[in-house]
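To start, the structure itself, in structure tokens.
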Amino acid sequence: MESKTIVMISFTIMILLSFSYPSLAIENDEDKPLLNSDDEFDAVMAISPSESDYNRDMLESQPRTFFDYLDRCSEKMGRESVKCGTEVRAEILRNKDASRDCCRMIVKAGKECHMQWMKLFFQTYQLKRFSSKRILKSNEIWNRCSKEISSVSPSSN
């Protein structure tokens with residue numbers, strides 16, 4: 001068997017075993033559940049916003065001038081800015097480098113524009129837990145793209 005297969009089987013067994021031991025939901029080994037009833041669980045869930053509610057509230061809390069700025073940035077990037085945004089997300093989440101065309105658009109729009117889009121992106125519910133890495137990752141993308149674009153002479157395009 002391949003080592004990948006063995007690792008996957010071991011991982012699956014660990015997951016299945018962890019589901020069979022509900023001890024993680026017990027407080028102080030006294031067999032007392034962390035939540036006393038379904039009503040208490042429902043109350044906790046009622047005060048927690050859903051992903052879409054969180055994102056909507058986050059977007060509504062942004063000043064209009066912020067979105068005006070992002071609109072101008074998108075115009076500088078051109079009509080392929082949505083595709084480029086998808087590539088940048090892939091670079092952040094899956095370490096898949098954005099294309100040279102996307103880098104060209106990012107550099108054309110400017111660093112501040114790129115940083116503001118990254119700020120908004122990392123405020124979403126799905127990525128807020130990674131927000132501490134926002135500046136580092138945004139700078140990595142900017143540095144890679146600006147280096148790649150500056151190393152290409154206009155005649156080689």
Please identify the pairs in which a residue from the range 78-93 that is under 14 Å from Trp117 (Cβ atoms) and open to solvent by less than 30 Å² (accessible area, probe 1.4 Å) has its Cβ atom under 8 Å from the Cβ atom of a residue that is assigned to a helix (DSSP H, G or I) and among the β-branched types (Val, Ile, Thr), counting only partners at least 6 apart or on another chain.
Cys84/Ile106; Val88/Ile106; Val88/Ile141; Glu91/Ile141; Ile92/Ile141
Where a residue in the range 116-134 is in contact (Cβ under 8 Å) with a residue 40 or more places away in the chain and its partner, wherever it lies, is assigned to a helix (DSSP H, G or I), with Cβ under 6 Å and at least six apart:
Gln123/Met58; Thr124/Asn55; Tyr125/Glu51; Tyr125/Tyr54; Tyr125/Asn55
Helices (runs of 4 or more DSSP H) contained in the range 78-123 and holding at least 3 residues over 24 Å from Asn55 (Cβ atoms) and either among the aliphatic types (A, V, I, L, M) or more than 19 Å from the chain's Cα centre (by Cα) (or both):
100-109
Any chance the range 39-52 includes a residue that's under 28 Å from the mean Cα position of the chain (by Cα), at pLDDT below 70, assigned to a loop (DSSP other than H, G, I, E, B) and of a type in the set (Gly, Ala, Ser)?
yes
Among the listed residues Lys111, Lys128, which satisfies the condition of being open to solvent by 50 Å² or more (accessible area, probe 1.4 Å) and over 18 Å from Leu59 (Cα atoms)?
Lys111
So Lys147 fits all but one of (1) surrounded by fewer than 18 Cβ atoms within 10 Å (Cβ to Cβ); (2) part of a helix (DSSP H, G or I); (3) within 13 Å of the chain's Cα centre (by Cα); what number is the exception?
(3)
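Tell me yes or no: at least one residue of the range 59-70 is closer than 22 Å to Asn139 by Cα, assigned to a loop (DSSP other than H, G, I, E, B) and open to solvent by 30 Å² or more (accessible area, probe 1.4 Å). It would help to see each step written out before you state the result.
Here is the first cut: in the range 59-70, the residues closer than 22 Å to Asn139 by Cα are 66-67, 69-70.
Pick out the ones that are also assigned to a loop (DSSP other than H, G, I, E, B) and you get none.
The answer is no, given that none of the residues of the range 59-70 is closer than 22 Å to Asn139 by Cα, assigned to a loop (DSSP other than H, G, I, E, B) and open to solvent by 30 Å² or more (accessible area, probe 1.4 Å).
The values are calculated or read from the model by the stated rules, or taken from the named source; none is laboratory data. Note that the structure is a prediction, hence the values are computed from the model and not measured. Here the Cβ is made from the backbone with ideal geometry for all residues, glycine too, and neighbour counts use every protein chain on show. What goes into the accessible areas is simple: the full protein's heavy atoms, side chains included, and nothing from ligands, DNA or RNA. Shrake-Rupley method; radii C 1.70, N 1.55, O 1.52, S 1.80 Å.
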